[in-house]
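Presented below is the structure to which this report refers.
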Amino acid sequence: MRFHVVKRDNWPLWKRAVAYLIAVVAALLIGAVILLAIGVNPIDYYYQLFTMGTVGNRFAYKTFMNYIKEFLPLALTSVALSLAFKMKFWNIGGEGQFIMGSISATYIALTLGQTLPMWLTLIVMCVVAMLVAGLYGLLAGFLKVKFGTNETLMTLMLNYIALYLLYFIGETKASWNIFLQESSMRPVFVNFSKFVSFPSIKMGGKFELNICVILTAIIGVLIYIYLKRTKHGYEISVIGDSVGTAKYAGMKTNKIVLRTAFISAALIGLAASFKVGSAGVLSTAITDDVGWTGVIVAWLAQLNTGMIFVVSALICVLQFGSTVAATTYAQVDSSFANMLQGIILFLVLAADFFIRFRIVRVKKGE
Amino acid sequence: MKKLIAIFLSALMLLSLVSCGASDSNEATGDNAKDLKVGAIYINSKNDTAGYTYAHHNGITTAMKELGLDVNTQLFIVDEVPEDPEQVRAAVDTLVGKNVDIIFGISFGYIDALETAAAEYPEVIFSHATGYKSNETNFNNYFGRAYQARYLSGIAAGLKSLQTGNNNVGYVAAYGTEYAETASGINGFALGVQAVNPNAKVYVKKLGNWADEVNESAFATELISSFGCGIIAQHCDSAQPQIAAENAGMFGCGYNSDMSPDAPKAHLTAAIWNWNVYYRTAMEAAMNCGSADNFVATMGTPAYYGGLKENFVDISPISENCAPNTQKAIDAVRELIVNGEWDVFSGVKLSITADGVVTKADADLLDNAGNVIVAAGGASVEDGVITGTMNYYVAGVQEA
Amino acid sequence: MAEQYAIEMRGITKTFGSVVANKGVNLNVKNGEILALLGENGSGKTTLMNMLSGIYTPDSGSIHINGSEVKIDSPEDSKKLGIGMVHQHFKLVDVFSAADNIWMGKEKSGFVLKKKRYSEIDSIIKRFGFELDPEKKVYNMSVSEKQTLEIIKVLYYGAKIIILDEPTAVLTVQEIEKLFNVLRRMKEQGHAIIIITHKLNEVMDISDRVAIMRKGEYITTVNTQETNEQELTELMVGRKIDLNIDRPVVETTRPLLEVRNLTIKNDEGAVAIDNVSFYIRGGEILGVAGIAGCGQKELCESIAGLRPIQSGQMIHKGDNIVGLPPKAILEKGISMSFIPEDRLGMGLAPSMSIIDNMLLKNYRDSKGPMVDRKRGRADAEQVIADLAVATPSPETPVRRLSGGNVQKVLLGREIKAGPNVLITAYPVRGLDINSSYMIYDILNKQKVDGVGILFVGEDLDVMISLCDKILVLCHGKVMGVVHAHKTNKEELGLMMTGALDLSEKYADKPAGIARDTLFGENNNGQEG
């Protein structure tokens, strides 16, 4: 008996959804087996994970607020990345762009925060962070357009430059370094939350909805429209599909590549200023890996803007929930989420394969 | 998509309202001491088998067992929390949601987040390792006089250098004067070496990182080959510097744990921490203080700072590789410190002969630029290790 | 008739997803026979042959070699059974010599390259009457030499059954004749040969029998001597078809587009078009003939503004268009549709819908930042209706359409834009006969409407009947411009290979320069 792979016709949406669902469930089952093997009750663990420990928790509202804090930068970064990915510009420099955005937003908060009115400081923070991050992304775009460098490698390397710049700022006490607290002998970042912070809206109870949630939702809708309806979005799609065709149609492909690389990175800068503006302090771990996770999210959501929000929300439940669930189980550390994420990704890839192909048993002819 | 977000947000709000209303009953702070719930925030994985997080985790679980607390049901850990205030706050919120009574944060960078958390949750005790902030009620910090143990290991190294006739001593350190923690360790060690061998030089090679096994080994090798060092001390996680010393036929002083199994022919002794000593003290205080705002009062100080006396720091048993009379000299100095007769960073210098005889004499404590830190006969400046003002090397130390 | 066949396929069925590529196909070849496998594109010829060469395995059915059933699971199996296939796309290492390309596939050849490999391979070359130097490097070879090498390779490994997939597509008339002579010699030596083609004249010329396939199904096998082109076409297409291409006579205008002394480099920096001059009048189809890679692509790209030129001038209606951006050239009404070998590479965005592809050149025209998809939809629906594009809906991504429909979409969009100069390269590449004729009709309609058409083509028969004049290129140089009704395939073939140069035939009129030129009238082209 032999098998071979055969291409499949297009499946309807619901069938594809079911395939992906099966992949996720299968991943959770594999996770359950691993949990069992290390002596953890998987049902209880998953219960804790998916409720994020909120049931019977008098600080559940805090959990949700913390959850949203993790969700927002990830969703916005993933949306930003999807913009570039749609054009087949492989911007994996989300980390670096986020860091550059964070540093510049913090710089604005520290220098202008006490003189300008808060709302103005926040706007300047956003604008400057977008500019700096955007230019950082543009650099990779420029090198690609000008010298034909590989943007994947470039953005990757630029990540490390940004990261070590952040470490340098975070570890070097010096008179120029306004990022660090003067009073502390050991390097500690200055906290500016007292005078610069994105406002929150009280939602009844103790739950507060940060204004960034609303802004991110609006940006999501705008990007959706940008990609689907505008001429810019159309150009991005054509270039992503075939650069030759785009040139043939008279598009200035270089200009479009640069523009999109800039917008993509600038949005990541905006995500960074939202993050810094809500946290009120810089840190060496400010990105929380959104630049990396965002790539996975964008891919899992197949660059669909709406799906990106859904997938980010789910990935955050996974990450946040597994931290909560891990508190009670000595055997499982918070990295379990990463492993589970890996298994899910792997199986969703497999599901993707089965959506596009099917395996046929070779029948003996008569 | 708008609809989607709307649904998402309303679901969130609904859930939060429900859970807010649900349970405001379960008050924290154990009335029954044995109900103490311990929370901990780690920088690395709680499943580590070596290193900083491991040492603390070991200390906490050991203390809990000593006190008859159940590690499986009474200990809640959020691990792999980077020094990011937002993430530390999220970890605190998670632990508070688990109704813990006391939260230990083990990494320095948690400092500001724990300070604000302590103000926000007055019913929970916050205890911060290696920090310097505290309040008068529910927030303290703790650290140890590791420099005392360093000084003792320095004596072992000094005697060995006399025996081998090689005055160059190497020191692979995570950082140098950037952190008082590393600077005090280097200085304590150097003063111990010089008490025996006044001609000895300590060459410090900085990693710029708390854990970097590759460079830990490479730097030790470089200290031996380029600076002629015969003894390698270290302030970093792995035993790589000791192994490098052994491979070069040299000697070494370890850190954090007895590294003799890693380098049986090289290892002299290691400065070690007994974190469980503090954790036990803190947990007992938490059980006995009645309410969280009495914690600092019960501890007696907002900055716990144990040393050889409390057995919080110590050295591992000296190995066969040590020079004769090492044990004798160390015992004599240990007695001076434990009895409070003398401390390392003071205006009194110890001199130790090859026979292990210890004598005291007043002398200026100088930094390596020749400035007087403590005038002859002055009192110890050990506070510099807590508040982080020690940002210099003592005379005889230089960066390689 | 209990005849012993070299190869016999019985009831072969192969499906890809829901697409049935082959359905109950029967095929047989005798030793010492040339069988032509005739069918339109997508009729399943290549799939069927790939099952003989071990690339695919049949879902059902059986294969017999010299009377006994065999299983072919891999190309190795196929090789061991003495089957050799010469693919359309050559599988050669450029930097190796001819002999080494053959040598490297040999098992147990050892590590040492022995001198005798040249003589060994040379003897094979001599035996079949090939012309090839075994020491020549592949990168120095012409297309036909590479193909020869592929055939020698197959023979060297002892193949008795030889399959050639569209071998003539890349060859000139003279080269084809050479190839056929070799095939005849192989046949004499007892080889069984299957040749895949859709060119009827070649079938009539070379084959003993013709097996015909249509839409994956086996139709019949006929003896070549007992049939004719018309019958074969009907069998292949499934109904009667008129094989004549119209050439309407139209009153032509003064030159619309004049190209003078044009020199262009290709991507590698070598000269692709060398001092070429020609002109197109409105209401005329100018064919461009030449073997693959003689500069057609670069020429088209330059006119469309996609490729910088080294020197020369291009005058459209008296205006210089050299150096204009592609968009400006489009606005002048010069439209280019280039069908590359992969069909989708230039001109279409494959994963976007027909609607979006309609918008490609005019999406900027709408006001505001938004794309006007209503207009795209209207255009798409009109093109679908006018050109009978088979598609589930205007939203269907172009890559899901069949080749003919893709080309209709492309051409439909170009014509919709109402150009005055239409540059079209290989518009019928890979199309079935029906679709091809439809495209010729579309082009003729444009011609009647006064559009000047530059037609870069492959099939000389088609060019001779469709075009008014034919420009022949060889290695980027003009070999002459001939009137289509005054020339023949042999002459064109000689010109394409450079053996015949008619560019200076008329002393008073250099080729490619119109007597009634608009050059200089608007005084914007400096001579050079």
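Every helix of 4 or more DSSP H residues in chain C counts as -39500 (n - 2.57), and over all residues that averages to -8500 deg cm²/dmol at 222 nm. Annotation: extensible slack from C:A417 through C:Y157 equals 88.2 nm (criterion: 0.36 nm per residue apart, minus Cα-Cα distance).
Pair-distance distribution of chain A: all C-alpha pairs, bin width 20 Å, starting at 0; shares per bin in whole percent are 26, 54, 18, 2, 0. May I ask you to derive the relative contact order of chain C, considering only C-alpha pairs under 8 Å and at least 6 residues apart, and to give it as an integer percent? Taking the mean separation of contacting Cα pairs over the length of chain C, I get 15 percent.
Here C:R400 sits with roughly 120 square angstrom of accessible surface, probe radius 1.4 Å. The GluC sites (Glu not before Pro) of region C:239-328 that meet both conditions, a loop assignment by DSSP and at most 10 other Cβ atoms within 10 Å of the site Cβ, are C:E251, C:E268. Just so you know, the Cα atoms of region C:204-307 work out to an Rg and Dmax of 21.3, 53 Å. Toward the positive end of the charge dipole of chain C, with +1 on the Cβ of Lys and Arg and -1 on the Cβ of Asp and Glu, the farthest Cα among C:N101, C:H316, C:I303 is that of C:N101. Given their separation in residues at 0.36 nm each and the Cα-Cα distance between them, B:K65 and B:D35 gain 9.5 nm when the chain is fully extended.
Placing a label point 7 Å from the Cα of C:R375 along the Cα-to-Cβ direction, the residues of region C:407-449 whose backbone N falls under 13 Å from that point are C:417.
Association of chains A and C removes close to 2800 square angstrom of accessible area from solvent, both sides included, for a probe radius of 1.4 Å. Among the residues of B:171-179, the average count of other protein chain beta-carbon atoms within 10 Å of the residue beta-carbon is 1.
Within chain A, which DSSP H helices have Cα atoms that stretch 18 Å or more along the helix axis and a mean Kyte-Doolittle hydropathy of at least -0.5? Length and hydropathy pass: A:13-37, A:60-86, A:94-112, A:118-147, A:151-171, A:211-229, A:253-279, A:305-328, A:336-356. As an equivalent ellipsoid, region B:310-400 spans semi-axes of 24, 16, 15 angstrom, where each value is the square root of five times an eigenvalue of the C-alpha gyration tensor, largest first. Taking amide H positions as modeled 1.01 Å from N, with prolines and chain starts lacking one, the residues under 5 Å from C:L500 and 5 or more places away or on another chain are C:M495. Placing R0 at 30 angstrom, the Cβ-Cβ distance between C:D208 and C:N488 gives a FRET efficiency of 0.65 after rounding to 0.05. Once the chain from C:Y139 to C:R515 is taken as fully extended at 0.36 nm per residue, the excess over their C-alpha distance is 131.2 nm.
For the chain pair A and B, buried accessible area totals roughly 4700 Å², probe 1.4 Å, rounded to the nearest 100. Taking the convex hull of the alpha carbon positions in region C:352-413 and averaging its projected area over all directions gives 3.8 nm².
Placing +1 on each Lys and Arg Cβ and -1 on each Asp and Glu Cβ, with no other charges, gives region A:79-299 a dipole about its Cα centre of roughly 600 debye. If you take all other residues with their beta carbon under 12 Å from the beta carbon of C:G44, and give Lys and Arg +1 and Asp and Glu -1, the sum is +3.
Looking at C:Y139, C:M85, C:G61, which one has the Cα that reaches farthest to the positive end of the dipole of region C:48-140 (charges on Cβ: Lys, Arg +1; Asp, Glu -1)? Final value for the positive-end residue is C:Y139.
The trypsin sites (Lys or Arg not before Pro) of region B:285-358 meeting both criteria, a DSSP state outside H, G, I, E and B (loop) and at most 14 other C-beta atoms within 10 angstrom of the site's C-beta, are B:K309. For B:D262, neighbours were defined as the other residues whose beta-carbon sits under 14 Å from its Cβ, and their charges (Lys and Arg +1, Asp and Glu -1) total -4. So, how do all the Cα-to-Cα distances of region C:7-237 break down into 10 Å bins, in percent, from 0 on up? Taking all Cα pairs of region C:7-237, the binned fractions are 8, 32, 36, 19, 5, 0 percent. For chain C, a crude dipole built from +1 on the beta carbon of Lys and Arg and -1 on the beta carbon of Asp and Glu, taken about the Cα centre, is about 960 debye to the nearest 20.
Out of the total accessible area of the protein assembly as shown (probe 1.4 Å, heavy atoms of protein only), what percent is carbon and sulfur? Solvent-exposed carbon and sulfur of the protein assembly as shown make up 55 percent of the total. Histogrammed with a bin width of 5 Å, the alpha carbon distances of region A:271-366 distribute as 2, 10, 15, 18, 17, 13, 8, 5, 4, 3, 2, 1, 1, 1, 0, 0 percent, first bin at zero. A crude spin-label estimate for the pair C:N434 and B:N371, with each label 7 Å from Cα along the Cβ direction, gives 9.4 nm.
If N is the number of residues in chain B, what value comes out of its Cα radius of gyration divided by 2.2 N^0.38 Å?
Relative to the 2.2 N^0.38 Å estimate, chain B comes out at 1.08.
Computed about the Cα centre, the dipole magnitude for chain B is approximately 620 debye when only Lys and Arg (+1) and Asp and Glu (-1) carry charge, each at its Cβ.
By the helix-only formula, in which each DSSP H run with n ≥ 4 contributes -39500 (n - 2.57) and the sum is divided by residues, chain B has a 222 nm mean residue ellipticity of -12500 deg cm²/dmol. Within straight cross-link reach of A:K202, meaning Cα distance under 17 Å, which lysines are found once same-chain residues fewer than 8 apart are removed? Within the straight-line limit of under 17 Å, A:K202 reaches these lysines: A:K62, A:K69. Each of A:F142, B:N274, A:Y45 was scored by the projection of its Cα onto the charge dipole of the protein assembly as shown, and the greatest displacement toward the positive side belongs to A:F142; charges sit on the C-beta of Lys, Arg, Asp and Glu. If you model the protein assembly as shown as an ellipsoid using its alpha carbon gyration tensor, with each semi-axis the square root of five times an eigenvalue, the axes come out at 77, 36, 32 Å, biggest first.
Three principal axis extents of region C:18-69 based on alpha-carbon atoms, in descending order, are 35, 23, 19 Å.
Rounded to the nearest 500, what is the 222 nm mean residue ellipticity of chain A from helices alone, with -39500 (n - 2.57) per DSSP H run of 4+ residues and division by all residues? Walk me through the numbers before you get to the answer.
Working: 13 runs with 251 residues, N = 366.
Helices in chain A give a 222 nm mean residue ellipticity of -23500 deg cm²/dmol.
Quarter the surface of the alpha carbon convex hull of region C:279-405 and you get the mean projected area, 9.8 square nanometres. Our summary of shape: the Cα atoms of chain C have principal axis extents of 75, 53, 47 Å, ordered from largest down, in whole angstrom.
In a shell of Cβ-Cβ distance under 11 Å around B:N274, excluding B:N274 itself, what net charge do Lys and Arg (+1) and Asp and Glu (-1) give?
For residues surrounding B:N274, the net value is -1.
Classify region C:3-46 as rounded, prolate or oblate from the Cα gyration tensor: take a ≥ b ≥ c as the square roots of its eigenvalues, call it rounded if a/c is under 1.5, otherwise prolate when a/b beats b/c and oblate if not. Since a/c reaches 1.5 but b/c is at least a/b, the shape of region C:3-46 is classed as oblate.
The values are calculated or read from the model by the stated rules, or taken from the named source; none is laboratory data. This is a predicted model, so every value here is computed, not measured. All Cβ positions, even for glycine, are placed from backbone atoms using ideal geometry, and neighbour counts span all protein chains on display. Ligands, DNA and RNA are stripped out before the accessible areas are found, and what is left, the full protein with its side chains, is counted by its heavy atoms. Shrake-Rupley method; radii C 1.70, N 1.55, O 1.52, S 1.80 Å.
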